[in-house]
Every structure is written in structure tokens, then in C-alpha cells.
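Here is the structure we will look at, set down as C-alpha cells.
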């Protein structure tokens, strides 16, 4: 099987090092600020990592959450790591709002309302990039 997270960035790269990368997800227009923290090497489960690498990855997830909260000012943040479709270790960091299409359901569930249409924010990626760089 070809892994899409091994063969592509998985979104617009906001920050990366030799261990992992943080990307802005562009395929979910109803959820601006949705980021993924993607482990560099192809690893399937958190328990496949050494304890120090698990801690290092989670530290990047926490710092990404903090940056998204600072920039997006959401009502809630959802953190998720599934890997059912793409079994390459990655974490979703999703800003949520009381008025978003799925709230309080998960964004992968059934929508409860129509999305509010808003123009794309051309500065969003740069603002998130700066917030991440100040933390990591």
C-alpha cells in the first residue's frame, strides 16, 4: 500500500523538523485552522514509538493546540488520532465553534446545520506559522 503521508506533505507545511511536521489541512473548508501533526517516519501506533519519541510528538501536539487556540479563538479544540484510513501516525488538531456545521458532533459525523460561508483568510497560514514558530 502506498502511504499518502509518506508521499506528500498532507497539507500546507507550517512547521517541520526531522521528526515531524505540522500542516494546515486544506480539504476541510468548513474548518479553517484545522491542522495535522504528522510523524515523519512511517509508524502506525503511538506504542510503536519509544517513550521519549511519544513525549516529543505529544509536546508538538500540545504546542500546535496552543497556537491554534491563540490564532483561531475557538470555543473548543478537538484532538484525534485515528489512522483507520491512513495508518501513518498523525494527530488532528481541530478548532471547533458552537456554530460550526457539526457541533457538538465530531466533524466526521453527520452535520447538524449548514456551514456559514466565509471568504478564505489569506493570512491564516502565516498567522499559524508564526504562532507555531514562537512555541516550537
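The values are calculated or read from the model by the stated rules, or taken from the named source; none is laboratory data. This is a predicted model, so every value here is computed, not measured. With ideal geometry, Cβ positions are generated from the backbone for all residues, glycine too; neighbour counts draw on all protein chains shown.
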Checklist outcome for this item: Across (1) touching a strand residue (DSSP E or B) at 6+ places or on another chain (Cβ under 7 Å); (2) assigned to a helix (DSSP H, G or I); (3) farther than 21 Å from residue 8 by Cβ, residue 66 clears everything bar (1)
Checklist outcome for this item: Among (1) over 16 Å from the mean Cα position of the chain (by Cα); (2) over 19 Å from residue 27 (Cα atoms), residue 109 falls short only on (2)
Checklist outcome for this item: With the first residue restricted to region 48-62 and required to be at pLDDT 95 or above, and the second required to be surrounded by 12 or more Cβ atoms within 10 Å (Cβ to Cβ) and not in a helix (DSSP H, G or I), Cβ contacts under 6 Å at 6 or more apart or on different chains are 60/20; 60/37; 61/37; 61/91
Next on the checklist: Can you find, within region 73-120, the residue that is farthest from residue 9 (Cα to Cα) among those that are in contact with a helix residue (DSSP H, G or I) (Cβ under 8 Å, 6 or more places away or on another chain) and not in a strand (DSSP E or B)?
Outcome noted: 74
Checklist entry - Out of all the residues in region 16-27, is one or more modelled with pLDDT under 95 and within 11 Å of the chain's Cα centre (by Cα)? => result yes
